[in-house]
Amino acid sequence: MSDPAIHVQDVSLRFSSGSEAVTALDGVSVAFGHGEFVAVMGASGSGKTSMLHVIAGLEVPDSGVVRVADADLAGLGANARADVRLHEIGLVFQDDNLLPMLTAQENVALPLRARGWTAAQAAEEADAWLGRVGLAGMEGRRPVELSGGQRQRVGIARAVAGGRRILLADEPTGALDSVTTREILSLLRALADDGVCVVVVTHDDVVRDYADHVWTMSDGRLSGGTDTSASALTTGSHA
Ligand SMILES: Nc1ncnc2c1ncn2[C@@H]1O[C@H](COP(=O)(O)OP(=O)(O)O)[C@@H](O)[C@H]1O
Ligand SMILES: [Mg+2]
């Protein structure tokens, strides 16, 4: 793979709670490319969220290298890591994490405003992405006026608006029914086909139908990387 979007090398992360030391990540090495839909599966407590947090620069590993969008996160301070996140990385959670008092458009526009976009530019970009995720006409609705699946779509639009090409999703379908789960995974698949690096951590097996690569996390160690070639199945030949 040339020029991966995410490159993790020998990363370990330990937590100490009281006298107990927990190894959340134990020598993880992996590279994820643009245009790839990657699933990381594993039991609760295996280290999935820890891996996403390290890639997002929310946690700094005790050892190892994390390169994201050509930035060496371990060598950056908290403010610089937040800046990489704001410009390059979108996060999606099980709960939509939308601000309840803001409309869908305002929620998507918020990180763009934080990047210095004008209100008009941010609103235009937000509307374009809301249309792309299937919410045209719903830009003015507040989260309470949307279904769970629609709220996740807003969260996905917020994650990728403004040209962010890395989307990290932590159990994004954990609160959704099976039909809505497939709709959301199809949307993430389409974003990957457009060049976004999509990393989904989950214990939901259905993600296998959509992912190019499925990794398994167990006790902080990553294994597998099976090529499931979902994109080859859904979009024809995929060199
Ligand atoms: N902030 C923290 N403080 C102490 N231990 C933590 C913290 N975050 C995670 N852990 C521990 O690290 C391990 C991996 O957790 P996590 O990455 O959340 O796993 P998963 O997302 O797969 O459920 C678990 O043993 C968990 O208890
Ligand atoms: Mg987790």
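The values are calculated or read from the model by the stated rules, or taken from the named source; none is laboratory data. It should be emphasised that the depicted structure is a prediction, and the values quoted were computed from it without experimental measurement. Neighbour counts run over all protein chains shown; Cβ positions are idealised from the backbone, glycine included.
Out of the residues in the stretch 16-39 that are at pLDDT 95 or above and among the polar types (S, T, N, Q), which is surrounded by the fewest Cβ atoms within 10 Å (Cβ to Cβ)?
Step by step, filter the stretch 16-39, then rank; the result is SER29.
Would you mention how many residues in the stretch 22-50 are among the aliphatic types (A, V, I, L, M) and out of contact with any strand residue (DSSP E or B) (no Cβ under 6 Å at 6 or more places or on another chain)? Reasoning before the result, please.
Taking the stretch 22-50 and keeping what is among the aliphatic types (A, V, I, L, M), we get 22, 24-25, 28, 30-31, 38-41, 43.
From what is left, the residues that are out of contact with any strand residue (DSSP E or B) (no Cβ under 6 Å at 6 or more places or on another chain) are 43.
Final tally of qualifying residues: 1.
How many of the residues making up the stretch 203-239 are in contact with an Asp or Glu (Cβ under 8 Å, 6 or more places away or on another chain) and modelled with pLDDT of 95 or more?
Of the residues in that region, 5 qualify.
Identify, please: which residue in the stretch 40-64 is surrounded by fewer than 19 Cβ atoms within 10 Å (Cβ to Cβ), over 19 Å from VAL206 (Cβ atoms) and of a type in the set (A, V, I, L, M, F, W, C) and is, among those, farthest from ligand 2 (Cβ to nearest atom)?
In this case the residue turns out to be VAL60.
Mind listing whichever residues of the stretch 171-203 are surrounded by fewer than 21 Cβ atoms within 10 Å (Cβ to Cβ), within 16 Å of ligand 1 (Cβ to nearest atom) and closer than 22 Å to GLY57 by Cα?
Residue satisfying the conditions is GLU171 alone.
Which one of the conditions (1) within 13 Å of ligand 1 (Cβ to nearest atom); (2) not in a strand (DSSP E or B) does ASP3 fail to meet, given that it meets all the rest?
(1)
Just name the residue that is nearest to ligand 2 (Cβ to nearest atom) out of those in the stretch 17-29 that are of a type in the set (Ser, Thr, Tyr) and more than 19 Å from SER218 (Cα to Cα).
Selected residue: SER17.
Every residue in the stretch 48-102 that is within 23 Å of GLU139 (Cα to Cα), in contact (Cβ under 8 Å) with a residue 60 or more places away in the chain and part of a helix (DSSP H, G or I), please.
HIS87
If we keep just the residues of the stretch 79-96 that are modelled with pLDDT under 95 and within 16 Å of ligand 1 (Cβ to nearest atom), which is surrounded by the fewest Cβ atoms within 10 Å (Cβ to Cβ)?
Filtering the stretch 79-96 for residues that are modelled with pLDDT under 95 and within 16 Å of ligand 1 (Cβ to nearest atom), the one surrounded by the fewest Cβ atoms within 10 Å (Cβ to Cβ) comes out as ASP95.
Go through PHE32, PHE37 for me and flag whichever is more than 16 Å from ligand 2 (Cβ to nearest atom), closer than 20 Å to THR173 by Cα and touching a residue at least 60 places away in the same chain (Cβ under 8 Å).
PHE37
I'd like to know if the stretch 137-152 contains one or more residues that are in a helix (DSSP H, G or I), touching a helix residue (DSSP H, G or I) at 6+ places or on another chain (Cβ under 6 Å) and under 18 Å from ARG189 (Cβ atoms). Show your work before the answer.
To start, the set of residues in the stretch 137-152 that are in a helix (DSSP H, G or I) comprises 143-145, 148-152.
Restricting the remaining residues to those that are touching a helix residue (DSSP H, G or I) at 6+ places or on another chain (Cβ under 6 Å) gives 143, 149, 151-152.
From the residues that got through so far, the ones that are under 18 Å from ARG189 (Cβ atoms) too are 149, 152.
Checking the stretch 137-152: at least one residue is in a helix (DSSP H, G or I), touching a helix residue (DSSP H, G or I) at 6+ places or on another chain (Cβ under 6 Å) and under 18 Å from ARG189 (Cβ atoms).
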